[in-house]
1. Asp95 versus (1) surrounded by fewer than 16 Cβ atoms within 10 Å (Cβ to Cβ); (2) closer than 23 Å to Phe120 by Cα: which is the lone unmet condition?
2. Among the residues of region 81-101, what is the count of those that are under 15 Å from the mean Cα position of the chain (by Cα) and over 18 Å from Lys67 (Cα atoms)?
3. Of the residues Ile24, Ile8, Ile56, Ile74, only one is closer than 17 Å to Leu98 by Cβ and over 12 Å from the mean Cα position of the chain (by Cα); which?
4. Which is exposed (fewer than 13 other Cβ atoms within 10 Å of the Cβ), in a loop (DSSP other than H, G, I, E, B), charged (D, E, K, R) and out of contact with any Pro (no Cβ under 7 Å at 6 or more places or on another chain), of Lys5, Lys42?
5. Among residues belonging to region 111-132 that are under 15 Å from Val53 (Cβ atoms) and of a type in the set (A, V, I, L, M, F, W, C), point out the one that is surrounded by the fewest Cβ atoms within 10 Å (Cβ to Cβ).
6. Taking the conditions exactly as written (touching a His at 6+ places or on another chain (Cβ under 7 Å) and over 18 Å from Leu41 (Cβ atoms)), does Glu61 satisfy them or not?
7. So, in region 94-117, how many residues would count as being basic (Lys, Arg) and part of a strand (DSSP E or B)?
8. Mind counting the residues in region 8-39 that are assigned to a helix (DSSP H, G or I), surrounded by 13 or more Cβ atoms within 10 Å (Cβ to Cβ) and not charged (D, E, K, R)?
Amino acid sequence: MFTIKRKINFFDCDPAGIIFYSRIFEFCHSAYEQMISSFNLKENYWMNDDYVVPIIHSESEYVKPIKYGDEIAINVQVSQLRDSSFELMYTIKRDKTLCCHAKTVHVFVDKQNWKKKEMFKDLVVGLKGHTI
């Protein structure tokens, strides 16, 4: 499991004082980016000429409100790992209280023809280190 912590800013919130629902995906993506960076890959995962890794599915379930000033932990785990795709599960907690679940599915695609492409070994090794 990979974990980052974040404090909720006023600009993260809606007029009711709780986080605006789409911000969860920004928080999750930030955790995903930091997890990938922790792999110390030889190539630039985010900007290269060979492949892209779009998100093809996302979902979330909001269990408890997250409010301005709260400190949250975003936990990321790899729940599925295939040759050309992977699924990430996120749990967002305030202290030990579960506030949200989220999921994203990512597919490795050849940048020239947009067909699925097998993930490179270093990435697979990094993802396996965070598998449920």
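Quick note: the coordinates plus some simple rules give every number you see, no bench work behind them. Keep in mind that this is a model prediction, so the values were computed, not measured. All Cβ positions, even for glycine, are placed from backbone atoms using ideal geometry, and neighbour counts span all protein chains on display.
1. (2)
2. Residues flagged as under 15 Å from the mean Cα position of the chain (by Cα) and over 18 Å from Lys67 (Cα atoms) within region 81-101 amount to 7.
3. Selected residue: Ile8, the only one of Ile24, Ile8, Ile56, Ile74 that is closer than 17 Å to Leu98 by Cβ and over 12 Å from the mean Cα position of the chain (by Cα).
4. Lys42
5. Trp114
6. Yes, satisfied.
7. Adding up the residues that qualify gives 3.
8. 11
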